[in-house]
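Each value in this text was obtained by applying a stated rule to the coordinates, not by laboratory testing. On a predicted model such as this, the values are computed, not experimentally measured, just so you know. Cβ placement follows ideal geometry from the backbone for every residue including glycine, while neighbour counts extend to all protein chains displayed.
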Amino acid sequence: MPEADNEGKNFYEGTPQKGKLFFLKGSNELDWGMKNRLSRIFNPKDGRTVMLAIDHGYFQGPTTGLERVDVSILPLVPEADTLMCTRGILRTVVPPSVTIPVVIRASGGPSILKELSNEEIAMDMEDCIRLGVCATAIQVFIGGEFESRSVVNMTRLVDAGLRYGIPTLAVTAVGKELVRNAQYFRLATRICAELGAQYVKTYYVEEGFETVTASCPVPIVIAGGKKRPELDALKMAYNAIRQGAAGVDMGRNIFQSDSPTGMMKAVNAIVHGNETPEKAFDLYQTIKNSGS
Ligand code: R5P
């Protein structure tokens with residue numbers, strides 16, 4: 001039987017169905033599932049994200065600040081937009097009732113004792129789906145000893161992700177021997193995007209960072225890098241956002257801070273509240289002095 005055809009039903013014949021451009025750079029032609037996952041990682045209101053990165057153990061073991069993820073990190077999770085971790089930590093420590101999106105570390109192999117660029121894909125897409133993750137992350141070592149392998153690994157993860165609607169975050173890893181400047185990061189981020197990554201993580205550089213974000217056709221988030229004084233880390237986040245970054249994927253500058261909660265809230269104030277580094281630092285200090 002067809003639907004009951006009541007008098008007065010309104011089909012809005014004169015109103016064309018509207019379509020909207022997707023809010024993230026370079027992502028308009030992606031499929032619905034991938035866009036939906038990206039919309040959970042990046043806030044659709046401002047196109048930005050604060051990712052809490054705690055995946056360091058996959059090659060560093062229990063590094064400072066991550067000795068007990070259950071004790072020191074779980075209280076921070078509600079403050080983050082996204083959690084970036086390994087499947088081991090997700091399954092053993094993170095309660096499944098956590099509803100923020102997860103970006104899963106999907107590469108691995110060498111430890112800090114070996115050549116780091118010698119990585120492989122270390123996770124099946126099937127397990128990513130089982131875990132309900134919103135993106136996979138893989139290291140790409142442009143200029144590194146195993147450059148080609150890391151790039152091809154990334155493309156394999158991109159292919160698998162495209163099959164199931166799971167975005168790939170390409171993480172530009174810089175070997176100790178390489179110079180971290182805008183020229184290098186333009187090269188590295190662009191290669192990742194050209195070969196299919198849906199978004200890219202890179203480091204902030206003082207000179208010319210806006211040329212890195214401008215020449216990369218997909219969103220860029222910045223890693224925090226080594227621990228630095230809190231105000232410096234906040235200035236870096238502020239400058240990166242002003243120069244076109246779509247957010248941060250920060251680890252050590254949060255979990256190695258003497259007030260991780262204070263830093264989470266301060267970084268949030270910069271990324272989503274457009275706060276100045278000085279005001280955000282005041283917030284950090286207030287929270288720190290309150291004992292949090
Ligand atoms: C490398 O260990 C991971 O990709 C980290 O997630 C990334 O470096 C961000 O962490 P951090 O802010 O500590 O550099």
Worksheet item: Under 5 Å between amide H atoms, partner at least 5 residues away or on a different chain: which partners does Val171 have, H built in plane at 1.01 Å?
Response: Ile138, Gln139, Val140, Lys201
Worksheet entry | Residue-wise HN-Hα coupling along region 127-142, computed from phi with Karplus coefficients 6.51, -1.76, 1.60 (Hz; x: Gly, Pro) | 6, 4, 5, 4, 7, x, 6, 9, 6, 10, 10, 9, 7, 10, 10, 5
Worksheet item: In whole angstrom, and with the biggest value first, how far do the Cα coordinates of region 169-253 range along each principal axis?
Response: 36, 29, 22
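On alpha-carbon atoms, Rg over Rh for the chain using Kirkwood Rh?
Working: Rg = 20.2 Å, Rh = 19.8 Å.
Reported Rg/Rh (Cα atoms, Kirkwood Rh): 1.02.
With +1 on each Lys and Arg Cβ and -1 on each Asp and Glu Cβ, and nothing else charged, work out how big the dipole of region 1-154 is about its Cα centre, in Debye to the nearest 20.
Values: 16 positive and 20 negative charges, 63 e Å.
Once rounded to the nearest 20, the dipole reads 300 debye.
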Worksheet entry | region 65-194, relative contact order [Cα under 8 Å, separation at least 6], % | 18
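Could you give the length gained by full extension between Ile112 and Ser290, i.e. 0.36 nm per residue of separation minus their alpha carbon distance, to one decimal place?
On the way: separation 178, 0.36 × 178 = 64.08 nm, distance 3.68 nm.
Net length gain for the segment: 60.4 nm.
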Worksheet item: Given the pairs Lys20/Lys45; Lys176/Lys226; Lys114/Lys227, which span a C-alpha to C-alpha distance of over 19 angstrom in this model?
Response: Lys114/Lys227
Fill in: Debye log10 I(q)/I(0) for region 126-201, one point scatterer per Cα, at q = 0.18, 0.23, 0.27 Å⁻¹
-0.67, -0.97, -1.22
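Could you tell me which of rounded, prolate or oblate describes region 3-135, using a ≥ b ≥ c as the square roots of the eigenvalues of the alpha-carbon gyration tensor, with rounded for a/c under 1.5 and, failing that, prolate when a/b is larger than b/c and oblate otherwise? Can you show the working numbers first?
On the way: a/c = 2.73, a/b = 2.31, b/c = 1.18.
The shape class here is prolate.
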Item to complete: Among DSSP beta bridges lying fully in region 94-221, give the percent that are antiparallel, nearest 5.
Response: 15
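So if the hydrodynamic radius of region 136-290 is defined as the Kirkwood radius over C-alpha pairs, what does Stokes-Einstein give as its diffusion coefficient at 20 °C and 1.002 mPa s, in µm² per second?
Numbers: Rh = 16.1 Å.
Approximately 133 µm²/s, per Stokes-Einstein.
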Worksheet item: Got a sec to turn the phi values of region 103-113 into Karplus ³J(HN,Hα) couplings, 6.51 cos²θ - 1.76 cosθ + 1.60 with θ = phi - 60°, whole Hz, x for Gly and Pro?
Response: 9, 9, 5, 10, 10, x, x, x, 9, 4, 7
Item to complete: Taking amide H positions as placed in the peptide plane 1.01 Å from N, state which residues far from Glu275 in sequence (5 or more) or on other chains have amide H under 5 Å from it.
Response: Ile270
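Could you calculate the contour length gain from Ala214 to Val93, that is, 0.36 nm times the residue separation minus the distance between their Cα atoms, to one decimal place in nm? Let's see the in-between values first.
Values: separation 121, 0.36 × 121 = 43.56 nm, distance 3.83 nm.
So the extension gain works out to 39.7 nm.
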Worksheet item: Can you list the HN-Hα couplings for region 85-100, worked out from phi with the Karplus curve (6.51, -1.76, 1.60; θ = phi - 60°), rounded to whole Hz and with x for Gly and Pro?
Response: 8, 8, 5, x, 5, 4, 6, 8, 10, 7, x, x, 6, 5, 10, 5
Practice prompt. Compute the length gained on full extension between Arg130 and Glu206: take 0.36 nm times their separation in residues and subtract their Cα-Cα distance, giving the result in nm to one decimal.
Written response: 23.3 nm
Fill in: Distance between modelled label sites at Lys176 and Asn274, nm, 7 Å Cα→Cβ extension
4.3
Discussion item. Test of the criteria: in region 207-276, which trypsin sites (Lys or Arg not before Pro) are in a DSSP loop and have at most 10 other Cβ atoms within 10 angstrom of their Cβ?
Written reply: Lys226
Worksheet, complete the sentence: Here the alpha-carbon Rg of region 98-151 over 2.2 N^0.38 Å rounds to 1.28
Worksheet item: Simple spin-label model, 7 Å along Cα-to-Cβ: Ser72 to Asp282 in nm?
Response: 3.0
Practice prompt. Just need the relative contact order of the chain here, percent rounded to a whole number, with Cα pairs under 8 Å and 6+ apart.
Written response: 16
